[in-house]
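Below: one structure, written as structure tokens.
The values are calculated or read from the model by the stated rules, or taken from the named source; none is laboratory data. Predicted model, so just to flag it, every value in this text is computed and none were measured. Every residue, glycine among them, receives a Cβ derived from its backbone with ideal geometry; neighbour counts consider all protein chains shown. SASA here: full protein model, heavy atoms, side chains in, ligands and nucleic acids out. Shrake-Rupley method; radii C 1.70, N 1.55, O 1.52, S 1.80 Å.
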Amino acid sequence: MRSIRLQTRKIMTLIKHVLNPSVIIVLFVLFGTVRPVSLNAQGPLVRYYMALEYDENDERLVRPSFAQYENVMNEIYVIDARQRVLIYTSDLFPVLSLGKSRKILNPEGLTVDSNGNLYVVQTATPEDLRNRVSVYNACLKWERDIFFEGFEGADKFVPYRLAKDSKGNLFVAGIRFPGVLIFDADYNLVEIISPQENDRKALIMNVHIDDTGRIYLVSEEEGHIYVYDENRKFIYQFGEKGGSSGKLSRPRAVAVDNNRGWLYVVDYMRHTVNTYDRNGMMLFEFGGMGWGEGWFRFPTDISVNKEGDVMVTDLFNQRVQIFKPY
């Protein structure tokens, strides 16, 4: 049954590659299978490619909330509501799920360093009441846990997302925490970056680091993305809070197309992905609330690979959608 689905998807993908992009948009609009991005978009648009919907046992994903392209082992990582980490090959074939047998109990996010080591954010469970980051080597063998202490609010800190820079520093963002924690290569807390909003610190829930070392911090409450250079010096912020087109209601994640210089921001409440240039200027958006291909129901995460493919977790449609730029 799975082979039939895969063959069908490959045939549809071939058709999409052969047809002219403008023809594809017209067909999609006529038959209502996908929502095109704004026709006033600057630069190439993106088009629906396919979706990840099944695990290695041919069972449906359950509310996937995290997805990441990983360029070291050339794999895809997905986390869903079954408290597991799923691994797919670069050609989108599911190969493995990591769960309790690997000490993964309640994963929220993860990242992989240049040596293939895996870092998994885990929140408290009845089996283990400690919030932590679990470290695995390139063979997926557990090595140690990193716990949170030594800073104001440590006892209430709930980790959510993380990123690793080229210097070996680990950045950890939490739920409703004013800043992002930075640990050195020996896992010592060395700094907390806290963007300012007027007379208060912004609450940061996600962090991303691009190929140039730029650091992007996401504030869902403020509707802003804060950008820092590789030396952690503030450069600028972008995004405008609001519920209308081009604005950010509840941004949850940011990803960077390093080749095109595009910044993608996924908006949980508007069910869209906003696209900006390197200076934070709005280019176009795609998505919208719906059930068909190219539509979302509360998207939560986004990732971009070296080819520019865009992967979005479509939480309540229970899939991970993949888009390709024209």
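Model label sites at K306 and D184, defined 7 Å from Cα along the beta-carbon direction, differ in position by 3.2 nm. Solvent-accessible surface of the chain, taken per residue with a 1.4 Å probe and all protein chains present: 45 Å². Take every Cα pair under 8 Å in the range 172-272 that's 6+ residues apart, average their separations, divide by the length, and report that relative contact order as a whole percent. So the answer I get is 17 percent. Counting heavy atoms of the protein chains alone, H208 has an accessible area of about 50 Å² for a 1.4 Å probe. For the chain, the residue among L61, I204, N117 whose Cα projects farthest onto the positive side of the dipole built from Cβ charges is L61. Sparse packing (at most 16 other Cβ atoms within 10 Å of the Cβ) combined with a DSSP loop state is found for the following GluC sites (Glu not before Pro) in the range 220-326: E221, E230, E240, E307. If only the Cβ of Lys and Arg carry +1 and only the Cβ of Asp and Glu carry -1, the dipole of the range 61-176 around its Cα centre is close to 220 debye. Pairs with C-alpha atoms separated by more than 27 Å, drawn from the list K156/K201; K100/K164; K103/K233; K156/K306; K103/K306, are K103/K233; K156/K306; K103/K306. For the chain, the mean residue ellipticity at 222 nm estimated from helices alone is -3000 deg cm²/dmol, where every DSSP H run of n ≥ 4 contributes -39500 (n - 2.57) and the total is divided by all residues, rounded to the nearest 500.
Could you tell me the center-to-center distance, by alpha carbons, between the range 253-305 and the range 157-178 in angstrom? Here the answer is 21 Å between Cα centres.
Element breakdown for the chain at a 1.4 angstrom probe: carbon and sulfur atoms account for 51% of the accessible area. The local environment of E230, defined by Cβ-Cβ distances under 14 Å, has a net charge of 0 under the rule Lys, Arg +1 and Asp, Glu -1. Beta bridges from DSSP with both residues in the chain: antiparallel share about 95 percent, rounded to the nearest 5. Taking the longest Cα principal axis of the chain as reference, the axis of helix 21-31 is set at about 80 degrees. Is the chain rounded, prolate or oblate when judged by the Cα gyration tensor, a ≥ b ≥ c being the square roots of its eigenvalues, rounded requiring a/c under 1.5 and prolate requiring a/b larger than b/c? Judged from the Cα gyration tensor, the chain comes out oblate (a/c at least 1.5, b/c at or above a/b). About its Cα centre, the dipole of the chain is roughly 820 debye, where the only charges are +1 on Lys and Arg Cβ and -1 on Asp and Glu Cβ.
For the peptides 112-123, 308-319, 135-146, the ranking by packing is 308-319, 112-123, 135-146, with the highest mean count of neighbouring Cβ atoms within 10 Å listed first. Angle of helix 2-18 to the longest C-alpha principal axis of the chain, folded into 0 to 90 degrees and rounded to 10: 70°. Computed extension gain for L140 through S249, at 0.36 nm per residue and net of the alpha carbon distance, reaches 35.5 nm. Each residue, E152 and N258, gets one label point 7 Å from its Cα in the Cβ direction; the gap between the two is 3.6 nm.
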